[in-house]
Structures are given as C-alpha cells and as structure tokens.
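First the structure, in the form of structure tokens, and then the observations on it.
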Amino acid sequence: MSTDTEDAIAVVKSQIGALRPKTGIILGSGLGPFVDSVKDAVTISYADLPGFPEPGVGGHAGRLVLGRVAGSPVAVMQGRAHYYESGRADAMKTPVRTLAGLGCDTLIVTNAAGSLNREAGPGSVMVLTDHISFTGVSPLFGEPGDDRFVDLSAAYDPDIRAALHAQADSQGIPLHDGVYMWFCGPHFETPAEIRAAGILGASAVGMSTVPEVILGRHAGLKIGALSIITNLAAGMSETGLSHAQTMTNAAVAAVAVQALLTGYLAGRGA
C-alpha cells in the first residue's frame, strides 16, 4: 500500500468515527446530486486527501462523501479524474485503493456515455456487462508483482447486475445491458471510430470507468457499472456532440440511476 493511500485512509478514518463503508460509488457527469441522499454525511474535499485528484471537468465536484444510503454504509466519490486530464491511466489509483482500505467490498462506477444502440437513446440507463479498451493503456503499468496480471473474465459482477435488474423491474425502470468501449478523449469519437466500435461489439462509448474497474479488480473489489446514455454516438444523429449536451441529458436519467442505487443499497443492509 502506498504512502498516499495509507495517509488518505488515516484522514478519512479520523473523521468518520465507527462508520465502515461497504460500498464505494464513483459518480460520473451529472450524477453529483446523488450525495444529497447520504444521511449523516461526512464530506471531505479531495484537496484534503493525499493522492486524490483535482477533477477538472464540469459536473465533478471533487469531494468524498461518507454516510448511509437506505441504511447501508457508503463512500461516495463526487467526481473522478480522467485519463485525458493528465495522460495518467492510474489517476484514480489512490482513490480506489482508499475505498478498499476503508472496508468497501464492492465498487459501483457510473458514467455518461454515448449509445450505439438506438433503443437505448438519450436519457436511458445501461448496466455494463463487459468492456473494450480502445486506448492501449492500463492503470497497472509499472505495478510490481504477479498480482498485476488481473483476471478480467468476469470483471462486472453478475450478482450485482442481477440485483440492479431486479430493482429496475420492481420500479418500472427500463435498464439496458451493454458493452462499454473506453476511448481516451477529450475529443469525441469520429463516425468511423463508432462504426469500428460497433463491429467490435460495443454498445456504448465513453472516456472513463475502465481504469477504475481494473484498479478495483486489482484491489479485490466486486464491480458494478451503470452508464447514463446522454447521446447517440457520433454519426448516428444530426445533433452535434458537446459536454453541455452530456450534462443536460444526464439530468434526465439521474433520477432513475439514483432510484436504482438506493434500491440496491437497501438490499445490501447495514
């Protein structure tokens, strides 16, 4: 465990008393308001946590919020760092390892994504079944030891997917399944790249999530992931792509994602 991770864990534990989070959640663009549902919240700025990034993207506040949602203890990251901000695929290494070190056994990652599936249009929600990395980089570059050879054959936990689908069914929320392809960004993809992504089996594209999933599996965490679909991918619509569009359409699906997460956490218990 790195010094930054140890120091970050110490800072958090000094402020949360006996609380020990079971579930870590990383909030993507437009999902920051989920933290309003955290009860007895303790909020810590990333600036006060060694090794935590300073997010530079709209919709990413840069705060760790700890408390309970539906009675279940959580650690919620309100924002992330992206590979395109620094050229570091391991920018989220210390945060993910801090969540594991605090006692989390599960990590739920959320993001905003473009859809290759017209049935899963803007404002819909997709649970990820797998991913494809289009970047050619890994957050585990330079890691020592044989545990860096992480098995990703079941990176997205089927039990978590089943639990999220059960919540979606019980609440009448349409929930799509799909494979996420990670592009480096910050530019959006070209129509040719989207056609290639479709041939390779992608259902959605985005600029995050995969590094955290790999880091989470390396840390022994079970992983679930939800994409808010903010647009049809490049070349599939006459509407131009922009971050403003991402934020607007993310707000539409944010209510559904919050309901899914709250129901899932209620099932996890205290």
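Summed over region 68-92, residues that are among the hydrophobic types (A, V, I, L, M, F, W, C) and not in a strand (DSSP E or B) total 5.
Of the residues making up region 17-39, those that are under 23 Å from the mean Cα position of the chain (by Cα) and open to solvent by 20 Å² or more (accessible area, probe 1.4 Å) are LEU19, ARG20, LYS22, PRO33, ASP36, SER37, LYS39. For region 93-129, which residues satisfy the criterion of being open to solvent by 10 Å² or more (accessible area, probe 1.4 Å) and part of a strand (DSSP E or B)? Within region 93-129, ALA112, THR129 qualify. Could you tell me whether region 184-195 includes any residue that is under 30 Å from THR5 (Cβ atoms) and assigned to a strand (DSSP E or B)? No, that holds for no residue. With respect to being modelled with pLDDT of 95 or more, surrounded by fewer than 20 Cβ atoms within 10 Å (Cβ to Cβ) and in contact with a His (Cβ under 6 Å, 6 or more places away or on another chain), VAL150 fits the description. Of all positions in region 53-64, none carries a residue that is acidic (Asp, Glu), more than 19 Å from PRO211 (Cβ to Cβ) and surrounded by fewer than 16 Cβ atoms within 10 Å (Cβ to Cβ).
All of (1) within 20 Å of the chain's Cα centre (by Cα); (2) surrounded by fewer than 15 Cβ atoms within 10 Å (Cβ to Cβ); (3) on the phi > 0 side of the Ramachandran plot hold for GLY71 with one exception: (1).
The values are calculated or read from the model by the stated rules, or taken from the named source; none is laboratory data. Here the structure is a predicted model, which is why all the values come from computation and not from measurement. In this analysis, Cβ positions are derived from the backbone assuming ideal geometry, glycine residues included, and neighbour counts consider all displayed protein chains. Areas reflect the complete protein model, heavy atoms only, side chains present, ligands, DNA and RNA absent. Shrake-Rupley method; radii C 1.70, N 1.55, O 1.52, S 1.80 Å.
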